[in-house]
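Please read the structure below before turning to the comments.
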Amino acid sequence: MRVRDELRMNVNQQPHMASPYGQPQPGYQGYPQPGYGDAHVPSGYPAQYAPYNGPGSTYPQGPQQGYSPYASFPSKTLATNLVSDLSSSPLDLGMRGPPTSGAPPVSGAQNYSQFGQGETQNGPPPMGAPPQRPPVSQTYTPAAVNLSGPQPPYGQQFGAPPVSIQQMTNQMSSMQVGSTAPSPAGPGYAPTSVSQAPISAAYTPAGPPTFSLTSTAPTQPPPAEAMAQAPHHSYYGAPPPSQQSFPNSAPPFSSTGPSQPQAPPPVSQQSFPQVPPVSQPNFSTAPHPGPTQSYGGPLPPQPSFPRPPLPTSQPSTFPGGPPPTSTPSQLPGVMQPQPPVSQPSPYHSGPPPNVTGFPPQVGAPPRPSGMHGPPMSSQGPPMSSQGPPMAQANHVPPSQLGMPPSPTNASLSGPPPQPGMQGYPPQQNGAFGQVRGPQPGYSGPYSGQPNYGAPSAAPAPAPSAPKRLDPDSIPSPIQVIEDDKANKGSEPFTTGVRGQAPPLVTTKFQVRDQGNASPRYIRCTAYNVPCNSDLAKQSQVPLAAVIKPLATLPPDESPPYLVDHGESGPIRCNRCKAYMCPFMQFIEGGRRFQCGFCSCVTEVPPHYFQHLDHTGKRVDCYDRPELSMGSYEFMATVDYCKNNKFPQPPAYIFLIDVSYNAVKNGMVGIVCHELKTLLDYLPRQNPDVESNIRVGFVTYNKVLHFYNVKASLAQPQMMVVSDVADMFLPLLDGFLVNVSESRVVIESLLDQIPEMFADTRETETVFGPVIQAGLEALKAADCAGKLFVFHSSLPIAEAPGKLKNREDKKLVGTDKEKSLFQPQVSFYNTLAKECVTQGCCVDLFIFPNQYVDVATLGVVPTSTGGSIYKYTYFQTSTDQERFLNDLRRDVQKQMGFDAVMRVRTSTGIRATDFFGSFYMSNTTDVELAGLDCDKTVTVEFRHDDKLSEETGALMQCAILYTSCNGQRRLRIHNMAVNCCSQLADLYRNCETDTIINFFAKYAYRSLLSSPTKNVRDGLVNQCAQILACYRKNCASPSSAGQLILPECMKLLPVYLNCVLKSDVLQPGADVSLDDRAYLRQLVSAMDVAESHVFFYPRLLPLQQLDVESMSLPVAVRDSEERLSRGGVYLLENGMNIFLWVGVNAQQELLQNIFGTTAFSQIDPSMTSLPALDNPFSKRLREIIESVRAQRSRYMKLMVVKQEDKLELIFKHFLVEDKSNNGGASYVDFLCHMHKEIRQLLS
């Protein structure tokens, strides 16, 4: 039996705060960001950046009156409250590991979950430590409030906090771990350790859950009237359906009948509880006699909640930036007169409060400077030591807790009616849940602060800081990664079992091919596919495979075997043309075989015949790779070649920009010098034989210069073509040559080019004719090949493909933004099609100092299977190493040319959509002029019929390509997955990393046709539907206040938030359009391992490095509060490596790494570490090299000193925190996701 821990989380807590700079950052203007891995730029920050004020972990202990975690989201009226139920519901985090305490005994009548005796909680601080008074620099903004109309039905109680720490203990829940027993609910399910009372009327425990998920049409957003009201500047998801998640017929917090224990949630799920805030009593655990049961009498009249005045000169800071600093400061908690209802709040960035249905939005003010204080985790002793378990306190009537009695009756509870709030309780102080009473820790309410129902003369109770949602109690990516390494890293992964999910991409493992392709070649979003389209639509889980056909394998795994069937070629099915594979069934004694894909029966050719054994398998099964392996290659016959003749070996052509910018920044000299040695390392099939790839050279600015480097010449000859409007090749013989034969002439040319153009004054360049020139050369030689184009500026010279500068930041965030990602002119689309026809792949190295329109220049590379490398503000001193490493790898890596890929599937599903760097002239064939070992093609599948659970679903990916020595080959990858008729089986066999890879590619492609906001909303909506479907159909009934996540998808929210916050979907003010277009194209061909670290970077604490061990220290989560001022951390995301040095780092550590003990003497401009003679330095440099070797691009090292200006760039990659560009923190987004799910379920 699996053990399920139940974790409780208090969400009425302060969220992560934004970066502790003195004022909100609109972006890092004035400091041209090194883009992704670009150079340090010499300019410094403008003076607007206030000094750093202490480490990220110092949070104020006092309640942050004015701080709203959803200043990012326009409305605080969230249903997300991980606490909007007044019960403390269990949080089923489906974690592995033994329970730390048993569950408390459950008495029949207890409706609300209780605390176990020994749980550890971050409780209130000790009596003597009053929390600091919060800073005055932030306004207090309560929820959008209603001044008339019926009262939302919330049984809220307002009043003084409890009088003793023990009672407070009884009201704050953090974490409970309890084991569970098997349950009748079905396989893999277990009952909760506590009986849950029904919390909302939308959820009736007397029968099956009455959540009405729109499962019949899951692709639709929430109800139409909600969409109609979506304010135009909502940032996340559709708004709540007129903000009424609960039917008004019954109060949400009252039971519609006698309480009953609820069915258990499954083992593989996580649920996040709703917990009452400190100032609220818990309801008694006696059963509810009925919906109108009230606790001890009516509530005293409540004062309304005035909002602070808003500066009329201040516009709404809608698109996600932090609030303007000119907003007048107000003392926290001091209530100012209320502004007119129609005036929007600068913190809400939403429509006026009288509009119903605020969707949340991202972006919150950074923490003001001066907010010091110990980390939240240190706010007090563990709660378990502060009193008896909650079970006893639950019986204390509210009136004994120093609170006025309050009914649960909807008509009496809560504050007076307020607009904009038709279904969720008001939010305050960044908490999700009920409005708090007077803030503990002060001598009483501030003057002018309403008492929220507390007796005005009540003395202040013991101080206690409100808690934010503890980040340690929500799913941790690091924990999941480490668990997977422990569970799956030691044994080889054998592919013989159908539908078996592989280890995560972060786990190091060995693969044994036993009939299905290795996960290094194919990873699926789900290894258990729904049997029919209705289930697939209901779940909204994408069915896709990320295929990396030519992936490089580690040394301990053998590459695919090459099978040669001679002139007759590979054996194939007569009908669907699938290639012979382990899914073919031999019948009639081996004379015929039945196709696993289409069930057609085909004769076995006489030369291929073999007898069957007693199990029906051929006796030579294990001698033939195509009958026993998941991946293998066939030699292709002449029938598989263009024009029925075998291809010529491919050619590499180097086209170098020699305009003023390219010469001045040193690029021309570096390329020419490097090529002299690099040409000895051209790819080859056999390492012992020299490569038979031929090479050619062109230089260009406004005109093109071709070079004749024939071996018989004493000196190279230059031919100039100035008629760029009609490009032709001026020489046939001597342009493409064999390197070893023409070595002397080539070296002479490469020495002369930098000298020839050293004094050029030509600044204009062409680009279209350059590619045309390379294409013409390959046509003349009748071969496929690759163009390496080194280019520096926007091609504005008069020529085909001429571009103009169209960078317009004003279009960002508008409906016209999509035009910036589309090519300016159609010329390059036509040119790309011609290149693909010829097998001409283009790799582009760009060195821009300003806008070059990557969206247009990248059309040909991304359509031909090529790559783009970008070096903004290229400087020889800092960027040469990265450029040369990228160039060496790009020239040397194994390639396939003139490739065609087709994916066949078994009856019932078919491939419907494709993502990546390729061209498609029809709906089935993926055409790749070039295919290298790093490129992936992502394929989405849809149902066209029913699948059977017995046979499963099969797919076969076949790639026909020309190898680098001119052989025509077929590479085959086969994959079988299971089929299921139960949604629970689907959710048990998904792979989140692959789903995120697919979502990112789908969203990035959608930017070409949809506004960015719609793309983001679509992602949030689909993710919410996936999780809501699980909650409705697979999780056992439980309080609507719980967020329940499937075990294998518990990281979906954190990773999805990283995609939403990425520069492509939510750019900061400093992110250029070129950077966004570059990243959009880069991600489109990424494999799962690279997209994982790109969206959730790896952060290693080097102070914990053991130099004796070969293993790395365990990574920490990407949040500023995980950084220690005394530590040194390495962060890598596949594009950059940052070395962050804490201001209090130990002297010995600094001496070992940098050779100096003084923090001030560390040079932040260094791009490589000094080679010091000590074990730590050697081990650290080894680690950096091994990390670089794992990635397809060379990562430049950037040293970031704490409190230095570069730290702002580093913090951009701490993706669990709020981002400067308005992205939500993980905690906030998880709450928002919960709200979206509840909305779908109500």
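The values are calculated or read from the model by the stated rules, or taken from the named source; none is laboratory data. Since the model is a prediction, treat every value here as computed from it, not as a measurement. Positions of Cβ are generated from backbone atoms using ideal geometry, with glycine treated the same way; all protein chains shown enter the neighbour counts. To get the accessible areas, we keep the full protein, side chains included, count just its heavy atoms, and leave off ligands, DNA and RNA. Shrake-Rupley method; radii C 1.70, N 1.55, O 1.52, S 1.80 Å.
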Quiz item: Limited to the range 1152-1177, what total is found for residues that are free of Cβ contacts under 8 Å to residues at least 40 places away in the same chain and out of contact with any helix residue (DSSP H, G or I) (no Cβ under 9 Å at 6 or more places or on another chain)?
Solution: 2
Quiz item: Just wondering, is there one or more residues in the range 559-568 that are open to solvent by 80 Å² or more (accessible area, probe 1.4 Å), under 43 Å from the mean Cα position of the chain (by Cα) and among the β-branched types (Val, Ile, Thr)?
Solution: no
Quiz item: Which residue out of Leu655, Leu675 is more than 17 Å from Glu764 (Cβ to Cβ) and within 40 Å of the chain's Cα centre (by Cα)?
Solution: Leu675
Exercise. Take Pro1053 and decide whether it is in contact (Cβ under 8 Å) with a residue 40 or more places away in the chain and either in contact with a Ser or Thr (Cβ under 9 Å, 6 or more places away or on another chain) or in a loop (DSSP other than H, G, I, E, B) (or both).
Key: no
Self-check item: Every residue from the range 537-570 that is hydroxyl-bearing (Ser, Thr, Tyr) and in contact (Cβ under 8 Å) with a residue 24 or more places away in the chain
Solution: Ser539, Thr552, Tyr561, Ser568
Exercise. Answer with yes or no whether Ala460 is in a loop (DSSP other than H, G, I, E, B), modelled with pLDDT under 95, surrounded by 22 or more Cβ atoms within 10 Å (Cβ to Cβ) and aliphatic (A, V, I, L, M).
Key: no
Quiz item: Just checking, how many residues over the range 1062-1097 are open to solvent by 20 Å² or more (accessible area, probe 1.4 Å) and of a type in the set (Gly, Ala, Ser)?
Solution: 4
Quiz item: Can you find even one residue in the range 745-764 that is over 25 Å from Gly839 (Cα atoms), of a type in the set (Lys, Arg) and either at pLDDT 95 or above or open to solvent by 60 Å² or more (accessible area, probe 1.4 Å) (or both)?
Solution: yes
Exercise. Take the residues in the range 635-645 that are part of a helix (DSSP H, G or I) and either in contact (Cβ under 8 Å) with a residue 12 or more places away in the chain or in contact with a helix residue (DSSP H, G or I) (Cβ under 8 Å, 6 or more places away or on another chain) (or both), then tell me which one is surrounded by the most Cβ atoms within 10 Å (Cβ to Cβ).
Key: Tyr640
Practice problem: Confirm whether Ser1124 is part of a loop (DSSP other than H, G, I, E, B) and either more than 21 Å from Ala1158 (Cβ to Cβ) or within 21 Å of the chain's Cα centre (by Cα) (or both). | Solution: no
Quiz item: For the subset of the range 1061-1095 comprising residues that are of a type in the set (Ser, Thr, Tyr) and assigned to a helix (DSSP H, G or I), which member is farthest from the chain's Cα centre (by Cα)?
Solution: Tyr1078
Quiz item: In the range 844-875, how many residues are among the polar types (S, T, N, Q) and open to solvent by less than 10 Å² (accessible area, probe 1.4 Å)?
Solution: 3
Quiz prompt | Candidates Ser792, Ser819, filtered to the one that is crowded, with 24+ Cβ neighbours inside 10 Å and among the hydroxyl-bearing types (Ser, Thr, Tyr) | solution = Ser792
Quiz item: In the range 766-782, what residues are buried (at least 20 other Cβ atoms within 10 Å of the Cβ), assigned to a helix (DSSP H, G or I) and among the hydrophobic types (A, V, I, L, M, F, W, C)?
Solution: Val770, Ile771, Ala773, Leu775, Ala777, Leu778, Ala781
Practice problem: Determine if the range 972-982 includes at least one residue that is crowded, with 24+ Cβ neighbours inside 10 Å and of a type in the set (Ser, Thr, Tyr). | Solution: no
Quiz item: How many residues does the range 646-683 hold that are open to solvent by less than 60 Å² (accessible area, probe 1.4 Å), assigned to a loop (DSSP other than H, G, I, E, B) and farther than 18 Å from Ala711 by Cβ?
Solution: 7
Exercise. Please find, among Gln956, Gln982, the residue that is in contact with a strand residue (DSSP E or B) (Cβ under 6 Å, 6 or more places away or on another chain) and among the polar types (S, T, N, Q).
Key: Gln956
Quiz item: Which of the residues spanning the range 1101-1119 are within 18 Å of Lys1211 (Cβ to Cβ) and without any contact (Cβ under 8 Å) to a residue 40 or more places away in the chain?
Solution: Pro1101
Exercise. Tally the residues that are loosely packed, with under 12 Cβ neighbours inside 10 Å, assigned to a loop (DSSP other than H, G, I, E, B) and without any contact (Cβ under 8 Å) to a residue 24 or more places away in the chain, restricting the search to the range 594-612.
Key: 1
Self-check item: Residues of the range 617-634 that turn out to be touching a residue at least 40 places away in the same chain (Cβ under 8 Å), outside any helix (DSSP H, G or I) and open to solvent by less than 40 Å² (accessible area, probe 1.4 Å), as a count
Solution: 6
Quiz item: Going through the range 823-843 one residue at a time, which ones are within 23 Å of Gly896 (Cβ to Cβ), open to solvent by less than 50 Å² (accessible area, probe 1.4 Å) and part of a helix (DSSP H, G or I)?
Solution: Leu831, Ala832, Cys835, Val836, Gln838
Practice problem: State all residues of the range 753-807 that are among the β-branched types (Val, Ile, Thr) and under 20 Å from Val859 (Cβ atoms); if no residue qualifies, say none. | Solution: Thr765, Val766, Val770, Ile771, Val789, Ile796
Quiz item: For the range 523-539, does any single residue satisfy the condition of being part of a loop (DSSP other than H, G, I, E, B), open to solvent by less than 30 Å² (accessible area, probe 1.4 Å), at pLDDT 95 or above and touching a Pro at 6+ places or on another chain (Cβ under 8 Å)?
Solution: yes
Quiz item: Assuming Val721 fulfils every condition listed in (1) touching a His at 6+ places or on another chain (Cβ under 9 Å); (2) surrounded by 22 or more Cβ atoms within 10 Å (Cβ to Cβ) apart from one, which condition is it?
Solution: (2)
